[in-house]
Amino acid sequence: MTWIDVMEESRLPEGAREVVEVRGAAVLLIRHRGEIFAVAARCPHMGALLKNGRITEDDHLVCPWHRSAFSLRTGDVADWAPWPPLVGRVLGALRREHALPVYPVQVENGRILVGVD
């Protein structure tokens, strides 16, 4: 595992979201309930930017465009393109279900580090 220094921890207060580049990949950093999560910045369903997605009570990130939902901890799909009912099923069928890539995070000396293989 290689740890990439992406930003100063103080730049990501509670509730903040920032897109950073990690080895050419856009990664969304989210501080939620005191934890820092790092996930792919775009939804694997249709490539929509996730930065403005809603976070549910059970720590799922919901795509603001197609409402696919993913676990912030594992990236597992909680719901795949459920809305609107008819269109969502059609759009969901266009692409197979794919988990949201997640990255390990650690804070060291006030810096946020994202792990990559």
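The values are calculated or read from the model by the stated rules, or taken from the named source; none is laboratory data. No experiment lies behind these values; they were computed from the predicted model shown. Quick reminder, even Gly has a Cβ in these numbers, built from the backbone with ideal geometry, and neighbours come from all protein chains shown.
Annotation: Val22 fulfils all but one of (1) within 15 Å of Cys63 (Cα to Cα); (2) at pLDDT 95 or above; the unmet one is (1). Which count do you get for residues in the stretch 29-43 that are under 12 Å from Pro104 (Cα atoms) and surrounded by 15 or more Cβ atoms within 10 Å (Cβ to Cβ)? Total meeting the criteria: 6.
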